[in-house]
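Trainee: Before I ask anything, here is the structure I am working with.
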Amino acid sequence: MSLATATALAAPATTTAAGSHGFLSPTGVEITFLLVGLVTFGAAIVTVTTRQLVHAALWLVVALGGLAVEYLLLTAEFIAWVQVLIYVGSVVVLLLFGLMLTRAPIGRSPDADSGNRWAALTVALAAAAALVWVVVDAFRTTWVDLAGPASGSTEVTGASLFQNWVLPFEALSVLLLAALVGAIVLSRKAKSAEKEEAR
């Protein structure tokens, strides 16, 4: 049997094995994705149910870090590092600084609970159901080829961002800048009003 014949016989078997892959035969990456997703979900639940503000911020770090790992498992490395740098590295640090500067209580705080818990739970479940429905409907037949080239690399994301989405990206930048300037103006007006009332 020649090498060409052996290759031709092996090709249909490989195609059949790849085509028979489904939910009943998960790979190691899919199992890891599920386990990390469960840990992330648990951390998110603890974040919104704890009455200690510092613990909530630290569990938020775990939840956002779990999302970054999920992005890495989906070969979206650029989005994963943006998640770590911006959300874990900036937003949570800003929250912790805010807690320290406002001298928030470190222990259990009765003010951290609200009487609108059931309304908030209803809204959260409705938003989660809508998000799951939209994502499943949009990506029903889409599979991520983990063996192929990385589709979430910096090169691919940058090329898509600055070729196809450059105008919305710049419009969003101007909108965020306008929001920042508006926040500064409003805070200065509030400070000047407080000084006039003090006089």
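The values are calculated or read from the model by the stated rules, or taken from the named source; none is laboratory data. Since the model is a prediction, treat every value here as computed from it, not as a measurement. Neighbour counts are summed over all protein chains in view; Cβ atoms, including those assigned to glycine, are modelled from backbone coordinates with ideal geometry. The accessibility values were calculated without ligands, DNA or RNA, using every heavy atom of the protein model including side chains. Shrake-Rupley method; radii C 1.70, N 1.55, O 1.52, S 1.80 Å.
Trainee: Karplus couplings for the stretch 125-130 from phi (6.51 cos²θ - 1.76 cosθ + 1.60, θ = phi - 60°), rounded to Hz, Gly and Pro as x?
Mentor: The phi angles translate into 5, 5, 5, 5, 5, 5 Hz.
Trainee: Any idea of Ser90's accessible area? Nearest 10 Å², probe 1.4 Å.
Mentor: 60
Trainee: Right, something else. Provide the solvent-accessible area of Ile86, counting protein heavy atoms only and rolling a 1.4 Å probe, rounded to the nearest 10 Å².
Mentor: 90
Trainee: For the stretch 84-93, in order, what is each residue's ³J(HN,Hα) by Karplus, 6.51 cos²θ - 1.76 cosθ + 1.60 with θ = phi - 60°, in whole Hz (x at glycine and Pro)?
Mentor: 5, 5, 7, 7, 6, x, 10, 5, 5, 4
Trainee: Keeping all protein chains in position, work out how much accessible area Glu170 exposes to a 1.4 Å probe, and write it in Å² to the nearest 10.
Mentor: Rounded to the nearest 10, that gives 90 Å².
Trainee: Also, I was wondering about something else. Calculate one ³J(HN,Hα) per residue across the stretch 156-173 by plugging θ = phi - 60° into the Karplus curve 6.51 cos²θ - 1.76 cosθ + 1.60, and present them in order as whole Hz with x for glycine and proline.
Mentor: 5, 5, x, 5, 5, 5, 8, 9, 9, 10, 5, 5, x, 5, 5, 5, 5, 4
Trainee: What distance in nm separates the two pseudo spin-label positions at Thr32 and Ser173, each 7 Å out from Cα along the beta-carbon direction?
Mentor: Reported label-point gap for Thr32 and Ser173 is 3.5 nm.
Trainee: Rounded to the nearest 0.05, what FRET efficiency is calculated for Leu121 and Glu155 with R0 set to 41 Å and r the Cβ-Cβ distance? Intermediate results must be reported in sequence, preceding the final value.
Mentor: Details: r = 42 Å, r/R0 = 1.03.
Once the sixth-power term is evaluated, E becomes 0.45.
Trainee: Also, quick follow-up: Of Tyr71, Tyr87, which has the most accessible area and how do the rest follow, probe 1.4 Å?
Mentor: Ranking Tyr71, Tyr87 by accessible area, largest first, yields Tyr87, Tyr71.
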